[in-house]
Ligand SMILES: Cc1cc2nc3c(=O)[nH]c(=O)nc-3n(C[C@H](O)[C@H](O)[C@H](O)COP(=O)(O)OP(=O)(O)OC[C@H]3O[C@@H](n4cnc5c(N)ncnc54)[C@H](O)[C@@H]3O)c2cc1C
Ligand code: FES
């Protein structure tokens, strides 16, 4: 009798996936769409592997249970080798891991999204989610900052977001030959100069740590409560399973308790 073939499906085992599309976003970043079909929350991450090269956590930047998109910045061995792949090539993914943005608990709120650089990637998953569940949320305002116009991610998507949401984009520096017409300066300046009150609002923030610290200070000056602010934290990770302790922030595992934290949860840890 022929032996029955068994397949083990587990989020702890890497799965071989195929690249369905590849989009260059800027000189050092690109977005791939892969046939990894899993249910997940916006803000969760996966572990991406190229055998013999390495593994790294990458945020899911889409919201779909039919495919997955990942925006990747070329910084080291793994990400530079991922950048060389083409449509049809294979890689390995395990996950999804971590706690994402608690979108279901936040229904009925107006939403403010503040992103800096590659921190815009996990926030893109929230925007997809809100577009698919538009009636559940009020006004949506986006403040997105990039180094230069050439670093602006998801340019095609942003055009679409502009039709449904209030989208503001700033760049830190403007090259002489640029035709970018938006504000020049840190994204934090846009937030500071905006008249925003804290009524029925939640704020999602992701970007470099210094940017997130400044944004939180500004939001506090505008009377936002700690439990209205959600941030996505990045820490070096190994197992992503709560075993190795690499990702600890003052007693919390970023891979299990995060990467998304409500600010009052993380602030309490920082004061430990
Ligand atoms: C929860 C989470 C989500 C992430 N999401 C994304 C994403 O969506 N897209 C993306 O491009 N990257 C993301 N990262 C960062 C990515 O995992 C690292 O850049 C990874 O180390 C790249 O692997 P590498 O082998 O190419 O580079 P490495 O050889 O590991 O590192 C290259 C350089 O980057 C530095 N570095 C490594 N990790 C980090 C980090 N977490 N923060 C700051 N500096 C670091 C190293 O010190 C080194 O200088 C995420 C990290 C976490 C923890
Ligand atoms: S990455 Fe190992 S405990 Fe979080």
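The values are calculated or read from the model by the stated rules, or taken from the named source; none is laboratory data. Please read all numbers here as calculations on a predicted model, not as lab measurements. For neighbour counting, all protein chains shown are included, and Cβ atoms are generated from backbone atoms with ideal geometry for every residue, glycine included.
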> residue 56 versus (1) in a strand (DSSP E or B); (2) more than 16 Å from ligand 2 (Cβ to nearest atom); (3) at pLDDT below 95: which is the lone unmet condition?
Replying inline: (2)
> In this structure, does residue 260 turn out to be at pLDDT 90 or above and more than 14 Å from ligand 1 (Cβ to nearest atom)?
Replying inline: no
> If you take the residues in the range 131-164 that are touching a strand residue (DSSP E or B) at 6+ places or on another chain (Cβ under 6 Å) and closer than 25 Å to residue 66 by Cα, which one is surrounded by the most Cβ atoms within 10 Å (Cβ to Cβ)?
Replying inline: 153
> If you scan the range 67-92, which residues turn out to be crowded, with 22+ Cβ neighbours inside 10 Å and more than 13 Å from residue 53 (Cα to Cα)?
Replying inline: 68, 69, 70, 71, 72
> In the range 225-246, what count of residues is obtained for those that are farther than 16 Å from residue 265 by Cα and either within 8 Å of ligand 1 (Cβ to nearest atom) or assigned to a strand (DSSP E or B) (or both)?
Replying inline: 3
> Of the residues that make up the range 197-210, is at least one exposed (fewer than 14 other Cβ atoms within 10 Å of the Cβ), within 16 Å of ligand 1 (Cβ to nearest atom) and farther than 30 Å from residue 11 by Cα?
Replying inline: yes
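For every residue, the table says whether it meets (1) in a strand (DSSP E or B); (2) over 21 Å from residue 62 (Cβ atoms).
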residue	(1), (2)
150	no, yes
160	no, no
170	yes, yes
177	no, yes
> What is the one condition in (1) at pLDDT 95 or above; (2) touching a helix residue (DSSP H, G or I) at 6+ places or on another chain (Cβ under 7 Å); (3) closer than 19 Å to residue 238 by Cα that residue 51 does not satisfy?
Replying inline: (2)
> Looking at (1) touching a residue at least 60 places away in the same chain (Cβ under 8 Å); (2) touching a helix residue (DSSP H, G or I) at 6+ places or on another chain (Cβ under 7 Å); (3) not in a helix (DSSP H, G or I), which is the one condition that is false for residue 129?
Replying inline: (3)
> farther than 25 Å from residue 204 by Cα and free of Cβ contacts under 8 Å to residues at least 60 places away in the same chain: does that describe residue 38?
Replying inline: no
